[in-house]
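A short write-up of the structure that comes next.
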Amino acid sequence: MLILTHLKQMSMDVVKIPTESIQLKDKVVPKHVVLFKDKVVHVGTEAQCNRFVYYMKGASDEMILSRVELIK
């Protein structure tokens with residue numbers, strides 16, 4: 001008997017950090033982070049974080065979590 005189970009894919013969430021900001025060339029924007037399995041895997045502007053989520057959608061959990069070490 002073959003039992004198929006659907007694993008819930010962990011999602012990446014973009015969260016705004018209201019108390020911090022990023023200075024760009026011509027303006028100041030709110031800082032955002034990408035959370036995956038309760039860990040910060042990317043820090044940047046909202047557009048940068050959304051781009052990170054888009055490009056990492058097909059990546060393995062290990063590859064996404066390897067980003068935690070890079071931002072320390």
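Against the conditions (1) open to solvent by less than 50 Å² (accessible area, probe 1.4 Å); (2) at pLDDT below 90; (3) in a helix (DSSP H, G or I), E69 satisfies every one except (1). Checked against (1) exposed (fewer than 14 other Cβ atoms within 10 Å of the Cβ); (2) part of a helix (DSSP H, G or I), T19 meets all criteria but (2). Among residues of region 35-61 that are under 13 Å from V15 (Cβ atoms) and open to solvent by less than 60 Å² (accessible area, probe 1.4 Å), those with a beta-carbon under 9 Å from a residue that is among the hydroxyl-bearing types (S, T, Y) and not in a loop (DSSP other than H, G, I, E, B) at least six positions away or on a different chain give the pairs V41/S66.
The values are calculated or read from the model by the stated rules, or taken from the named source; none is laboratory data. Since this is a predicted model, take the numbers as computed values, not measurements. All Cβ positions, glycine included, derive from the backbone under ideal geometry; neighbour counts span all protein chains shown. What goes into the accessible areas is simple: the full protein's heavy atoms, side chains included, and nothing from ligands, DNA or RNA. Shrake-Rupley method; radii C 1.70, N 1.55, O 1.52, S 1.80 Å.
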